[in-house]
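Report on one structure; see the data block that follows.
What follows is calculated from the coordinates using simple rules that are stated; it is not laboratory data. All of these numbers come straight from a predicted model, not from anything done at the bench. Because the Cβ atoms are built from the backbone with ideal geometry, glycine has one as well, and the counts that use them run over all protein chains shown.
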């Protein structure tokens, strides 16, 4: 693990970069990430043509970590790209009801299955959320965030936004491909955090459908 100390506006930011042995980060970096996807709040009448497979992943109300573990027979790991204090994007601040310029912990990871990137995830956790019983969220390292969140019986998924992502937005998608994304506003212990997940083409392939079960979908 490499830790970099950055000074910004009289504050010290600890930026952790996790570099597992044998990992070639050239496939991730420089990583283009959508500045502001055209998020739309999901509801049943939303005018998006979603295939059954895309809908099954986007609207699954359970733990994504658990589903990826099942789909990969445990051949799963978290590749942390960055985790540091920063200023959320405008739409993220609005979803979290943060004041303009208010800082939060921003964590970006790639969820790997069979050594391939299946999901890119970006989490925004306000500092007020990382206190008390949820202070452990400050230092997740390479542990999956979802596994921790879904242990908590107070976890609630309040709002879901969805968006379509193209290759010009993120370098993990080939030029002729598109991907779908969802962004969930969760509360845990009544405190909010935002988790966006881009489902890369590989996760929607037939290889990912290994353990078909009846799932509870977001209404």
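Here the spin labels are modelled as points 7 Å beyond Cα on the Cα-Cβ line, and at residue 143 and residue 60 they lie 2.2 nm apart. Summary of packing: across the peptides 198-204, 67-73, the per-residue average of other C-beta atoms within 10 Å ranks them, highest first, as 198-204, 67-73. Counted by neighbouring Cβ atoms within 10 Å, the residues 114, 150, 186 run from fewest to most as 114, 150, 186. Here residue 177 and residue 128 are evaluated by their C-beta separation; at R0 = 35 Å the FRET efficiency comes out at 0.35. In this rough spin-label picture, where each label sits 7 Å from Cα along the Cβ direction, the residue 36-residue 99 distance is 2.2 nm. For segment 40-208, the alpha-carbon coordinates run over 42, 35, 29 Å along the three principal axes, in decreasing order. When only alpha carbons are used to place a centre, segment 39-88 and segment 144-168 end up 7 Å from one another. For 151, 40, the sequence from fewest to most other C-beta atoms within 10 Å is 151, 40.
Assuming a ≥ b ≥ c are the square roots of the Cα gyration tensor eigenvalues, decide whether segment 89-130 counts as rounded (a/c under 1.5), prolate (otherwise, with a/b larger than b/c) or oblate.
It is prolate, given that a/c is not under 1.5 and a/b is the larger ratio.
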